[in-house]
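Take a look at the structure below.
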Amino acid sequence: MTDMIDKKRIPAHIAIIMDGNGRWAMARGLVRNAGHKAGVETVRRITAECVRLGVRYLTLYTFSTENWNRPEDEVSALMGLVLTSLEDEIFMKHNVGLRVIGDMQRLPADVREKLQQTIERTKNNDTMTLVVALSYSSRWEITQAVKDILHEAQSSAIRPEDITEEFVSSHLTTSFMPDPDLLIRTGGELRISNYLLWQIAYSELYFCDTYWPDFDEKALHEAIISYQSRQRRFGKTEEQVENENV
């Protein structure tokens with residue numbers, strides 16, 4: 001299937017909602033945490049494949065602000081998996097840098113410390129950036145951006161005409177990277193779940209029934225092939241886009 005992918009049109013930024021770990025485990029008579037452990041293995045495989053294909057940014061919805069409402073033992077297990085995965089040498093082996101978006105102040109102190117260490121350790125890795133959305137939601141992010149802008153307005157003169165889309169984007173936690181070209185959601189659900197709502201305004205959306213632990217390289221290729229079959233018009237007509245590509 002790899003030969004069906006146009007290597008010149010690989011999405012620069014892929015964002016993924018990794019859904020279905022719990023249901024994958026329950027279907028096998030396992031505890032939910034077993035699904036999360038299997039999901040970490042999928043992260044390793046998909047990260048390596050994205051590097052191989054030439055993806056520049058891979059953003060993974062790892063833990064939402066709403067996930068804090070899950071049972072305490074599941075939250076604790078998920079935080080433990082975060083710590084374990086940060087010890088993975090995939091960062092250095094594949095020259096991958098780590099960035100984190102989300103409300104890190106809500107994370108346990110040992111997780112925050114390990115994240116900062118890994119970010120520092122990988123800051124010069126530039127083949128691909130792996131962005132982990134932890135304790136993240138778009139409503140939290142946009143609310144935080146409004147607060148930051150208000151604080152800025154108290155110390156400098158911001159005029160209404162200064163508030164452009166670019167100005168707002170610069171105050172989001174994702175300001176360091178381009179918007180996603182492709183958003184993938186696994187697990188069969190057809191919703192965005194408070195993820196990158198500002199950033200995916202013109203992203204191509206791809207939904208599949210495959211649970212995240214079973215999402216492999218072939219499934220990723222299928223998503224990219226679907227992406228490449230679409231014409232991205234960004235509000236223009238089909239004829240305009242075709243003329244631009246002549």
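The values are calculated or read from the model by the stated rules, or taken from the named source; none is laboratory data. Please read all numbers here as calculations on a predicted model, not as lab measurements. So basically every Cβ, Gly included, is an ideal-geometry build from the backbone, and we count neighbours across all protein chains shown. Surface accessibility is based on the protein's heavy atoms, side chains included, excluding ligands, DNA and RNA. Shrake-Rupley method; radii C 1.70, N 1.55, O 1.52, S 1.80 Å.
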* To do: Select from the stretch 86-104 the residues that are under 22 Å from T174 (Cα atoms) and assigned to a helix (DSSP H, G or I) and write down the one among them that is most open to solvent (accessible area, probe 1.4 Å).
  => M104
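Between M26, M18, which is in contact with a Leu (Cβ under 9 Å, 6 or more places away or on another chain) and at pLDDT 95 or above? Can you show your working first?
Details: M26 fails: in contact with a Leu (Cβ under 9 Å, 6 or more places away or on another chain).
That would be M18, the only listed residue that is in contact with a Leu (Cβ under 9 Å, 6 or more places away or on another chain) and at pLDDT 95 or above.
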* **Condition broken by R23, with the remaining ones in (1) closer than 19 Å to I101 by Cβ; (2) in a helix (DSSP H, G or I); (3) of a type outside the set (A, V, I, L, M) satisfied** => (1)
* Please state which one of V75, V82 is at pLDDT below 95, touching a helix residue (DSSP H, G or I) at 6+ places or on another chain (Cβ under 6 Å) and not in a loop (DSSP other than H, G, I, E, B). => V82
* Asked: Can A38 be described as within 23 Å of Y195 (Cα to Cα), in contact (Cβ under 8 Å) with a residue 24 or more places away in the chain and part of a helix (DSSP H, G or I)?
  -> yes
* Check whether at least one residue in the stretch 222-232 is open to solvent by 60 Å² or more (accessible area, probe 1.4 Å), assigned to a helix (DSSP H, G or I) and at pLDDT 95 or above, and report yes or no. => yes
